[in-house]
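Here's the structure we're looking at; comments come further down.
The values are calculated or read from the model by the stated rules, or taken from the named source; none is laboratory data. This structure is a prediction, so every number in the text was calculated from the model and none was measured. Here the Cβ positions follow ideal geometry from the backbone for every residue, glycine too, while neighbour counts run over all protein chains shown. These accessible areas exclude ligands, DNA and RNA; they are computed on the full protein's heavy atoms, side chains included. Shrake-Rupley method; radii C 1.70, N 1.55, O 1.52, S 1.80 Å.
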Amino acid sequence: MTALVCVTGRFQPVHRQHLELFEIALRDADHLVVAVTNPDLGARHEEATSQHRHRASANPFTYFERAWLLAVALAERDLTGRSTVVPFDLTRPQHWHEYVPQAARQVVRAYSDWERHKARLLADGGYEVQLLDGDPAGHVSASEIRRRFAAGEAWEELVATSSVPLLRELLAAHGARDDH
C-alpha cells in the first residue's frame, strides 16, 4: 500500500516553511495529503490554545483560494503528482477519515501550545502522529505575513516564488470586497 503522510494547517497563506514541512513529511512516504483546516465559516471556533485562528482577520482566504495557492506552490516544488489537497474541519473528527485516511501519518511541527494540542486531537482521532519541534527563532508565521500585507511591507520572500503573482491578485480582489 502507498505510504501516506498528512500535514494539516490553515495555510493563510501557504509559506516557505509549510513547503519545507511537506518535503520533510515526504522523505519516508509516497504521497502527501495537505489538509486545509477552517475550510469554511462554520469550521471556525474559538480555541483556548490559539486566540486568533477563528477570527476573520486570521482567515482572509477561502478554501478555494488556499487550495489554488497550494497547487501553485506544490507545483513549484514538483510535488503535484505526490500530493492531494483536501478540506479538513478540525471541529468534525467523526468525518476526518472521509478526507484523510486513518493510515496517513500526521506530521505536526510544534511552535506553540496550539500545534501540540492539534497533535493530541489527531492522535485521539486515531492517527499516528509525528511531532517535530519547531525552532521559534526561525519560525515563519502566516500571522506575520498577514501583518505585512496590512502594513504594506515586503512579504514576498516568505512565500513560494510561484505564488507571489496569485497572492497579489487575491489581495487586490480582497481589497475590493467587504467580506474580508
### Filter result (polar (S, T, N, Q) and either at pLDDT 95 or above or in contact with a Leu (Cβ under 6 Å, 6 or more places away or on another chain) (or both)) within region 18-45
THR37
### Task
Please verify whether region 141-155 includes one or more residues that are surrounded by fewer than 16 Cβ atoms within 10 Å (Cβ to Cβ) and farther than 16 Å from PRO60 by Cα.
yes
### Task
Considering only residues that are charged (D, E, K, R) and open to solvent by 60 Å² or more (accessible area, probe 1.4 Å), look in region 55-101 and name the one that is nearest to VAL7 (Cα to Cα).
ARG82
### Task
From the list ASP89, ASP135, pick out the single residue that is closer than 20 Å to VAL36 by Cα and of a type in the set (D, E, K, R).
ASP89
### Query
Yes or no: VAL140 at pLDDT below 95, of a type in the set (A, V, I, L, M) and within 21 Å of LEU21 (Cβ to Cβ)?
yes
### Message
Can you tell me how many residues within region 10-42 are under 13 Å from the mean Cα position of the chain (by Cα) and either touching a residue at least 60 places away in the same chain (Cβ under 8 Å) or crowded, with 17+ Cβ neighbours inside 10 Å (or both)?
### Response
20
### Residue ranges of helices (runs of 4 or more DSSP H) in region 79-180 with at least 3 members in contact (Cβ under 8 Å) with a residue 40 or more places away in the chain and in contact with a helix residue (DSSP H, G or I) (Cβ under 9 Å, 6 or more places away or on another chain)
142-151, 164-175
